[in-house]
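Asks: Dropping the structure in here first, questions after.
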Amino acid sequence: MKFNTIKLEDIAIRTVIYPGDLGYIIYRHGAMYAKEYNHGVSFEVYVAKGICEFYQNYDANKDRVWLCEHKGKIIGSIFLQHREHRTAQLRFFYLESKYRGLGLGKLLMGLFMDFYRECGYTSSYLWTTDELDTAAGLYQKHGYVLQQEVKTKVFGKPLIERKYQLG
């Protein structure tokens, strides 16, 4: 029997973006979602476009990225991207599989919500898929409500995209 010896306190979280970070997040999203959910290259392209948009419009007073590291390697992230009308978008939330179940997702959502309130946002939204029930449960615990469902094949297979709204 294998025991997970990783503890939450072993993980560092930083908000500074270094060269290579954004490309790595794109790569890990593409590889992880292909392996775990059979998403195609179109998903990786979607993430790449979104991260490019995030960085091109980045404002340190309105936007934030939280990068989780273990032994110097990025193992998770969550992004808050500002939108019009005091709205925030939650994006690029992922955790490597062996780091799930430690409370790291809950911690990241707490950091996201703290910054959301600190910046005075009045609403937030996110898009996800029907395959990510654990994440959806976490969003709902923080007050997000399912607002919209759209059938799509945009990520290389049939699925349902879901929009959750807060506020």
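Per-residue answers, yes or no, for (1) part of a loop (DSSP other than H, G, I, E, B); (2) under 15 Å from residue 91 (Cα atoms); (3) in contact with a Pro (Cβ under 7 Å, 6 or more places away or on another chain):
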{"site": "18", "(1), (2), (3)": "yes, no, no"}
{"site": "22", "(1), (2), (3)": "no, yes, no"}
{"site": "25", "(1), (2), (3)": "no, yes, no"}
{"site": "31", "(1), (2), (3)": "no, no, no"}
{"site": "35", "(1), (2), (3)": "no, no, no"}
{"site": "42", "(1), (2), (3)": "no, no, no"}
{"site": "47", "(1), (2), (3)": "no, yes, no"}
{"site": "51", "(1), (2), (3)": "no, yes, no"}
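Asks: Looking only at residues that are touching a residue at least 60 places away in the same chain (Cβ under 8 Å), closer than 21 Å to residue 108 by Cα and not aromatic (Phe, Trp, Tyr) in the range 12-63, which one is surrounded by the most Cβ atoms within 10 Å (Cβ to Cβ)?
Replies: Taking the range 12-63 as the starting set, the residues that turn out to be touching a residue at least 60 places away in the same chain (Cβ under 8 Å) are 13, 25, 28-29, 32-33, 36-43, 46.
Now drop any that are not closer than 21 Å to residue 108 by Cα, which leaves 13, 25, 28-29, 32-33.
Pick out the ones that are also not aromatic (Phe, Trp, Tyr) and you get 13, 25, 28-29, 32.
Working: 13: 15, 25: 23, 28: 19, 29: 21, 32: 16.
So, considering only residues that are touching a residue at least 60 places away in the same chain (Cβ under 8 Å), closer than 21 Å to residue 108 by Cα and not aromatic (Phe, Trp, Tyr), the one surrounded by the most Cβ atoms within 10 Å (Cβ to Cβ) is 25.
Asks: Which condition from (1) more than 19 Å from residue 23 (Cβ to Cβ); (2) in contact with a His (Cβ under 8 Å, 6 or more places away or on another chain) is the one that residue 92 breaks?
Replies: Against the list (1) more than 19 Å from residue 23 (Cβ to Cβ); (2) in contact with a His (Cβ under 8 Å, 6 or more places away or on another chain), residue 92 comes up short only on (1).
Asks: For residue 82, indicate whether it is modelled with pLDDT of 95 or more, outside any loop (DSSP other than H, G, I, E, B), within 15 Å of the chain's Cα centre (by Cα) and buried (at least 19 other Cβ atoms within 10 Å of the Cβ).
Replies: Details: modelled with pLDDT of 95 or more: yes; outside any loop (DSSP other than H, G, I, E, B): yes; within 15 Å of the chain's Cα centre (by Cα): yes; buried (at least 19 other Cβ atoms within 10 Å of the Cβ): no.
Spelling it out, it is not the case that residue 82 is modelled with pLDDT of 95 or more, outside any loop (DSSP other than H, G, I, E, B), within 15 Å of the chain's Cα centre (by Cα) and buried (at least 19 other Cβ atoms within 10 Å of the Cβ).
Asks: What number of residues within the range 102-119 satisfy the criterion of being closer than 19 Å to residue 28 by Cα and touching a residue at least 40 places away in the same chain (Cβ under 8 Å)?
Replies: 2
Asks: Give the number of residues within the range 135-145 that are open to solvent by 50 Å² or more (accessible area, probe 1.4 Å) and either in contact with a Gly (Cβ under 6 Å, 6 or more places away or on another chain) or of a type in the set (A, V, I, L, M, F, W, C) (or both). Steps first, answer last, please.
Replies: Keep residues of the range 135-145 that are open to solvent by 50 Å² or more (accessible area, probe 1.4 Å), which gives 140-142, 145.
Now narrow it down to the ones that are either in contact with a Gly (Cβ under 6 Å, 6 or more places away or on another chain) or of a type in the set (A, V, I, L, M, F, W, C) (or both): 145.
Qualifying residue count, the range 135-145: 1.
Asks: Looking only at residues that are open to solvent by 50 Å² or more (accessible area, probe 1.4 Å), part of a strand (DSSP E or B) and in contact with a Phe, Trp or Tyr (Cβ under 8 Å, 6 or more places away or on another chain) in the range 146-161, which one is farthest from residue 85 (Cα to Cα)?
Replies: Checking each candidate, the answer is 146.
Asks: When the residues of the range 90-118 are filtered to those that are surrounded by 17 or more Cβ atoms within 10 Å (Cβ to Cβ) and not in a helix (DSSP H, G or I), which remaining residue is farthest from the chain's Cα centre (by Cα)?
Replies: 102
The values are calculated or read from the model by the stated rules, or taken from the named source; none is laboratory data. As the structure is a prediction and not an experimental result, all values here were calculated from the model. Using ideal geometry, Cβ is built from the backbone for each residue, glycine included, and neighbour counts are taken over all protein chains shown. Only protein heavy atoms, including side chains, enter the accessible area calculation; ligands, DNA and RNA are left aside. Shrake-Rupley method; radii C 1.70, N 1.55, O 1.52, S 1.80 Å.
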